[in-house]
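Take a look at the structure set out below.
Laboratory data are not the source of any read-out in this text; all were calculated from the coordinates shown. Predicted model only: the values in this text are computed from it and were never measured. Backbone-built Cβ (ideal geometry, glycine too); neighbour counts: all protein chains shown.
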Amino acid sequence: MIRALAIVALLAGEARADGTRLDVAVGHTVEVDVGYARGVVCDDTTLVEVDLVTRNDSNIFVVKGLKVGDTTCRVGTDVDRVQHFLFDVHVKAAPAKGHS
């Protein structure tokens, strides 16, 4: 019975790690509620600046685009927790400013 519950918990956590695409422009910020997930690691930290902040008893993954490119970020690196997320982060050029 305990083993079955452990498998269900692992599968529930894996379902959250779906490679969600995040698009962010250089100089802009995107925020995603990640519940109780703790810890973050990205493959290429030259492309993004990341942080986890807590608001209203929930953790928010904050991503700021630094330069154009693609990277993968995992939120939820704490081995004592099952919940984790996998994000495909696509940093694009900042929108051109309109001329008046």
I need the phi-derived Karplus couplings for segment 43-48: 6.51 cos²θ - 1.76 cosθ + 1.60, θ = phi - 60°, integer Hz, Gly and Pro marked x. 5, 10, 7, 7, 8, 9
Between Lys67 and Tyr36, take the C-beta separation as r, use R0 = 35 Å, and let me know the FRET efficiency to the nearest 0.05. 0.65
Provide the gained length on full extension for the span Ala25 to Thr54, in nm with one decimal, where the gain is 0.36 nm per separating residue minus the Cα-Cα distance. 8.1 nm
